[in-house]
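Undergrad: Here you go, one structure.
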Amino acid sequence: IKNPELAILSRTFGNWQLYNLGPYSIEKKSISLLNWNVDPRYTNANYTLESDESHLFLQLYPTNDTSRVTIVSYKVPELNLSNYHYIKIKLKGTNNARVLIRFILNDGNSFDVSYWKDPYTCSVPFDLKPYSGKTLRGEVYIGLKSSDGLATSITIFEISFIKLVD
């Protein structure tokens, strides 16, 4: 198969993984999980934030059904999205977690890899084809809220831009 856009999703241990078909390899550009900050404009409840090179942990202690915490990183590379095929998020979380993952583009627009989805759904590779020709501005926001008003958490292990190559 000579089409690098063909990919198969295989369910493994509760997460989705991207595999290439044919004689292709995968190149990844990962986003650092260090130096994330809480954005007070979009945070209205108590939270816990921990991060290191291997993971980013975010927990929310909601007080009502509008409670949320939002974190931001301004250290995302200003990537030309024409050079990548997918975004892959590797994470796990509680069943009541609802996650927002938003990237900001140089033209001031944004796109959501996840718009208040559960952690399982967030693990599906996100197709970048509609954003070909666009460039990242260098910031990404991750929001967390609870679907049932109880404490909720996520742990992110990877945020990567994937390129399938011959």
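Undergrad: Extension gain N35-D65, at 0.36 nm per residue separation less the Cα-Cα distance, in nm? Don't jump to the answer; show the numbers that get you there.
TA: Working: separation 30, 0.36 × 30 = 10.80 nm, distance 2.83 nm.
Contour length minus Cα-Cα distance gives 8.0 nm.
Undergrad: Further question: Using alpha carbon centroids, what distance separates segment 83-103 and segment 106-166, in Å?
TA: One Cα centre to the other: 4 Å.
Undergrad: Apply the Karplus parameterisation 6.51 cos²θ - 1.76 cosθ + 1.60, with θ equal to phi minus 60°, to every residue of segment 152-158 and state each ³J(HN,Hα) to the nearest whole Hz, in sequence, with x for glycine and proline.
TA: 9, 8, 9, 10, 9, 9, 6
Undergrad: Separate question: How many percent of the alpha carbon pairs in segment 18-151 exceed a separation of 19 Å? Before the final figure, lay out the partial values.
TA: On the way: 4640 of 8911 pairs.
Everything past 19 Å amounts to 52 percent.
Undergrad: Going by amide H atoms built from the backbone, whose H comes under 5 Å of the H on T152, apart from near neighbours?
TA: Excluding prolines and chain starts, which carry no amide H, the hits are L60.
Undergrad: In whole Hz, with x marking every Gly and Pro, tabulate ³J(HN,Hα) for segment 89-106 from phi via Karplus 6.51 cos²θ - 1.76 cosθ + 1.60, θ = phi - 60°.
TA: 10, 10, 8, 9, x, 6, 4, 8, 6, 10, 10, 10, 10, 10, 9, 9, 9, 4
Undergrad: Which percent of the accessible heavy-atom area of segment 19-166 goes to carbon and sulfur, probe 1.4 angstrom? Intermediate results must be reported in sequence, preceding the final value.
TA: Numbers: 3240 of 7170 Å².
In segment 19-166, the share of accessible area belonging to carbon and sulfur is 45 percent.
Undergrad: Nearest 0.05, what FRET efficiency do N80 and T48 give at R0 = 30 Å with Cβ-Cβ as r? Show your work: numbers first, answer last.
TA: On the way: r = 35 Å, r/R0 = 1.18.
Approximately 0.25, to the nearest 0.05.
Undergrad: Note down the net charge around W116, summing +1 for each Lys or Arg and -1 for each Asp or Glu among other residues with Cβ under 12 Å from its Cβ. The partial results should precede the final answer.
TA: Values: positive: R68, R98, R102, K117, K145; negative: D112, D118.
Spelling it out: positives minus negatives among the neighbours equals +3.
Undergrad: Under 5 Å between amide H atoms, partner at least 5 residues away or on a different chain: which partners does G138 have, H built in plane at 1.01 Å?
TA: I104
Undergrad: If each of S132 and S25 carries a label point 7 Å out from its Cα toward its Cβ, how far apart are those two points in nm?
TA: Going by the 7 Å Cα→Cβ label model, 2.4 nm.
Undergrad: For the cross-link pairs K29/K117; K88/K145; K28/K90; K92/K145; K90/K117, which exceed 18 Å when the distance is taken from alpha carbon to alpha carbon?
TA: Working: K29/K117 24 Å; K88/K145 21 Å; K28/K90 13 Å; K92/K145 14 Å; K90/K117 14 Å.
Exceeds cut-off: K29/K117; K88/K145.
Undergrad: Solvent-accessible area per residue for segment 117-166 at a 1.4 Å probe radius, Å²? Before the final figure, lay out each step's value.
TA: Details: 1990 Å² over 50 residues.
Averaged over the residues of segment 117-166, the accessible area is 40 Å².
The values are calculated or read from the model by the stated rules, or taken from the named source; none is laboratory data. Because the structure is predicted, anything quoted here is derived from the model rather than measured. Every residue, glycine among them, receives a Cβ derived from its backbone with ideal geometry; neighbour counts consider all protein chains shown. To get the accessible areas, we keep the full protein, side chains included, count just its heavy atoms, and leave off ligands, DNA and RNA. Shrake-Rupley method; radii C 1.70, N 1.55, O 1.52, S 1.80 Å.
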